[in-house]
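Reading through the structure tokens given below for one structure.
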Amino acid sequence: MMSNRIYQSITEKKKAGKKSFAVLIDPDKVDDAKISELAELTALAEVDYLLVGGSLVISNHLDEVVMQIKQQSNIPVILFPGTSSQITPHADALLYLSLISGRNPELLIGQHVISAPAVRKSGLEIISTGYMVIDGGAPTTVSYISNATPIPSNKNEIAMCTAMAGEMLGMKLIYMDAGSGAQKSITESMISKVAGVIDVPLVIGGGIADPEKAYRNCKAGADLIVVGNAIEKDASLIMEMSAAVHSVPLRV
Ligand code: 1GP
């Protein structure tokens, strides 16, 4: 039986009204020293999850990067693959992404069909994720690579209907992403509208550059905040970001 441990931890935190914080590690941008630094800082900051991936992973050392992280950290490692080749059995779970905001059949189902046997064989916990790219103000790697138009940042209704459809199709997470390094992160109004129409956990990422923004996104309805770029530039932000997310008062 496939484990359900990581997903359960996400939903249990959501049920308890607790917000979670994940650091996104791009395997192209880390070496051994960086991994050690990140392992130490994320443990101190009580980061909930480590996401590993990127829309364009050029280097070929995903296995080694994940093994290194696992050796040095007890925080669960979740793969966030840009393509179906970015899979390693050394992680704990895989966000099994279907790009439901786009109309590119390859990223909705095509790549999944091709990689299904390898994904199953990996033994990873699979978390079916409705992935929604929201316009972040500039074409990002994900929108270019995916050849799919992002949802306009002011079209809350489209985002709401897309998330609802994803949930009704059985997806266990909805991940709204403005793209790595987005100029404009997702608006709080879109986050709160989408959070209001789904029961599954809502993941928010893309261009979150300061702890206040992370805090406000959680207040608006995000359950899990993902930050990559800002932390690549300044690793000391891990502590402040994690503290901000964890300081959001419990919903009663
Ligand atoms: C990108 O949501 C992630 O897919 C994180 O974005 O790198 O801008 O934090 P940043």
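Computed from the coordinates by the stated procedures, all read-outs in this text should not be read as laboratory data. What you see is a predicted model, and the numbers here were worked out from it, not measured in a lab. Cβ placement follows ideal geometry from the backbone for every residue including glycine, while neighbour counts extend to all protein chains displayed.
Near Glu240, once Lys and Arg are set to +1 and Asp and Glu to -1 for all other residues with Cβ below 12 Å from its Cβ, the sum equals -2. In plain terms, the residue of Ser146, Ser115 with the fewest other Cβ atoms within 10 Å comes first and the most crowded comes last, giving Ser115, Ser146. For a 31 Å ceiling on Cα separation, which of these pairs sit above it: Lys121/Lys213; Lys15/Lys233; Lys70/Lys193; Lys34/Lys213; Lys70/Lys155; Lys19/Lys70? Among Lys121/Lys213; Lys15/Lys233; Lys70/Lys193; Lys34/Lys213; Lys70/Lys155; Lys19/Lys70, the Cα-Cα distance tops 31 Å for Lys121/Lys213; Lys15/Lys233; Lys70/Lys193; Lys70/Lys155. Computed over neighbours whose Cβ is under 11 Å from that of Gly54, the net charge equals -2, Lys and Arg +1, Asp and Glu -1.
Using a ≥ b ≥ c from the Cα gyration tensor of the chain (square roots of the eigenvalues), is it rounded, prolate or oblate, where a/c under 1.5 gives rounded and otherwise the larger of a/b and b/c decides, a/b for prolate? Verdict is rounded for the chain.
Put in line by how crowded their Cβ is, counting other Cβ atoms within 10 Å and starting with the fewest, Glu232, Glu240, Glu212 read Glu212, Glu240, Glu232. Counted residue by residue at 0.36 nm each, then reduced by the alpha carbon distance between them, the extension gain from Arg5 to Asp199 reaches 68.0 nm.
Bridgeable aspartates and glutamates around Lys172 (alpha carbons under 12 Å apart, same-chain partners fewer than 8 residues away excluded): Asp199.
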